[in-house]
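See structure below.
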Amino acid sequence: MRVLVTRPAHSGERTAQRLRELGHEPLLLPLTRPVHDMAAARQALETTTGAIAITSAEAVRTLQPLGEALALHLSRRLFAVGETTADEARKLGFHSVTASSGSGRELAELIAANKVDRLLYLAGSPRAETFETRLRELGRYFSVAECYRMEPVAPSPETVAALLANNPPDAVLFYSRHTAGNFFHIPQVESLLLQLPKIRLICLSNTVAEAVPSVLRTVLEISPMPDEKSLLSLLRRL
């Protein structure tokens, strides 16, 4: 099965390898690229105490070059969305890492259940507000440091048209609402997809799926859990 991956290059390569292991043919079309702000991350760490929260492995990659400046903070408790992000934090050297099962809302509830009072959220931009909104609802105090941003990558309409018209993919994977929105704003994408009635648009969550145009809802699939293992499991049903 040919599967179009719309993740940033670093994450996309990892997903591509998993797809190959499952017997699929990955096609990479990065629609965003990360820009890390190591200075903002370092300042946030040095001016706060207590636990750390991350909702993307991109935050971990921002911390990687800090070296000795990070060493003093590896004993701080870290909460992450999903085991994949948690594993990245463990590999970096964090001693106490706790993962939620999936969404930002669940992460906020996990943090509240652990009675965390001081929390630093190493965030990206743009981002969904689900995590922060739920923390406020639960009365948790937290500070936010934007330490990376996802910049759009604009492939030419001709490149995308060739991908969808010449030996088109059987499925397209979407991991973020922002990326999905970028994809459907590419000229002619919607009309080309309407010509592929057997294609499947597979989204990580209901939030991501909100970016899919209503005329394409008949080919939409939503992961039962907001993690990559569950997302890729849907390919077995196609």
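The values are calculated or read from the model by the stated rules, or taken from the named source; none is laboratory data. Nothing here was measured: the structure is a model prediction, and the numbers come from that model. Cβ: placed from backbone, ideal geometry, glycine included. Neighbour counts: every protein chain shown. These area figures cover heavy atoms from the full protein model, side chains too; ligands, DNA and RNA do not enter into them. Shrake-Rupley method; radii C 1.70, N 1.55, O 1.52, S 1.80 Å.
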- Message: Need one number: nm distance between label points at Glu210 and Glu146, each 7 Å from Cα along Cα→Cβ, rounded to one decimal.
- Response: 1.9
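Sort Val219, Val153 by heavy-atom solvent-accessible area, probe 1.4 angstrom, most to least.
Values: Val219 10, Val153 55 Å².
Ranked from most to least accessible, the order is Val153, Val219.
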- Amide H to amide H, which residues 5 or more places from Ser96 or on other chains are under 5 Å from it, using H placed in the peptide plane? Leu78
- Message: Report, to one decimal in Å, the Kirkwood hydrodynamic radius for region 80-170 based on all distinct Cα pairs.
- Response: 15.7
- Item | Relative contact order %, the chain, counting alpha carbon pairs below 8 Å whose residues are six or more apart | 20
- Give me the number: length gained by fully extending Leu74 to Asp170, i.e. 0.36 nm times residue separation minus the C-alpha to C-alpha distance, one decimal in nm. 30.3 nm
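Using the Cα gyration tensor of region 110-238, with a ≥ b ≥ c the square roots of its eigenvalues, what is the shape: rounded (a/c below 1.5), prolate (a/b larger than b/c) or oblate (neither)?
Working: a/c = 2.98, a/b = 1.93, b/c = 1.55.
Prolate, since a/c reaches 1.5 and a/b exceeds b/c.
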- Query: Amide H to amide H, which residues 5 or more places from Leu28 or on other chains are under 5 Å from it, using H placed in the peptide plane?
  - Reply: Val5
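Arrange the residues His178, His185, His73 by how much accessible surface each exposes, largest first, with a 1.4 angstrom probe.
Values: His178 70, His185 155, His73 20 Å².
Ranked from most to least accessible, the order is His185, His178, His73.
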- Message: Before I look further, what does region 61-133 give for accessible area per residue, probe 1.4 Å, in whole square angstrom?
- Response: 45
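Beyond 25 Å, what percent of the Cα pairs of the chain remain?
Working: 12204 of 28203 pairs.
The calculated P(r) of the chain puts 43 percent of pairs beyond 25 Å.
Quick check: at a probe of 1.4 Å, how many percent of the accessible area of the chain sits on carbon and sulfur atoms?
Working: 5780 of 11450 Å².
Carbon-and-sulfur percentage of accessible area, whole number: 50.
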- Residues with amide H under 5 Å from that of Glu146, placed H, sequence gap 5 or more: Ala123
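How far, in nm, would the chain grow between Ala40 and Lys115 when pulled straight, counting 0.36 nm per residue and subtracting the alpha carbon separation?
Values: separation 75, 0.36 × 75 = 27.00 nm, distance 2.65 nm.
Stretched fully, the Ala40-Lys115 segment lengthens by 24.4 nm.
How charged is the neighbourhood of Thr49? Take every other residue with its Cβ under 13 Å from the Cβ of Thr49, and add Lys/Arg as +1 and Asp/Glu as -1. Before the final figure, lay out each step's value.
Values: positive: Arg76, Arg77, Arg118; negative: Glu46, Asp117.
Net local charge, Thr49 excluded: +1.
Extension gain Ser233-Thr133, at 0.36 nm per residue separation less the Cα-Cα distance, in nm?
On the way: separation 100, 0.36 × 100 = 36.00 nm, distance 3.00 nm.
Difference between extended and current length: 33.0 nm.
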- Counting Lys and Arg as +1 and Asp and Glu as -1 over every other residue whose Cβ sits under 12 Å from the Cβ of Val5, the net charge comes to +2
- Message: Can you tell me, using C-alpha contacts under 8 Å and at least 6 residues apart, the relative contact order of region 148-229 as a whole percent?
- Response: 30
